[in-house]
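Just below is one structure, and these are the notes that go with it.
None of the figures in this text is laboratory data; all of them are computed from the coordinates on show. As the structure is a computational prediction, the values presented were derived from the model and not from experiment. Glycine also receives a Cβ, built like all others from the backbone with ideal geometry; neighbour counts cover every protein chain displayed.
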Amino acid sequence: MALTDFYQQALTGYARHSAIMENFALTWSVPDLEGIHQLRLVIEELCARATGVLRPGVTTDDLLLLLVSLGHAVQVTDECRPHMWHRLLHISLDGLRADRREPLPAEAAPDTHRSNPDRTHRNSGPGHPATSP
């Protein structure tokens, strides 16, 4: 599946070039709108190709957040257990398969704290909860 290849290549790149991951992680607190838009287009195209293979209800946002989450796993495990992220990628992608019978949980409500600049922190975003100054 092309989506599997995409994740494999992206995460391998993260493992080889930690600066890429650090820069990408920053886009969640200080968004690179053009970069996120381009990544969203790639993931949307991959989703379109995966029709019938990808579990119903999986969104582009789900896949973007999964990429960031797995990128953090690469970063955290790289020195102590290199390549452990391969296992996590396999587990994650397996959960995206269309033959999964349980429905996905309802989509979470938008985070209203993120729109309040007094409540957000430079590192807020996936994996970094917003904190008060």
Highest mean first, what order results for 92-102, 6-16 on Cβ atoms within 10 Å?
-> 6-16, 92-102
The stretch 36-107, convex hull of Cα, quarter of hull surface, nm² -> 5.5
Full-stretch length increase - S92, T12 - with 0.36 nm per residue and alpha-carbon distance subtracted | 27.2 nm
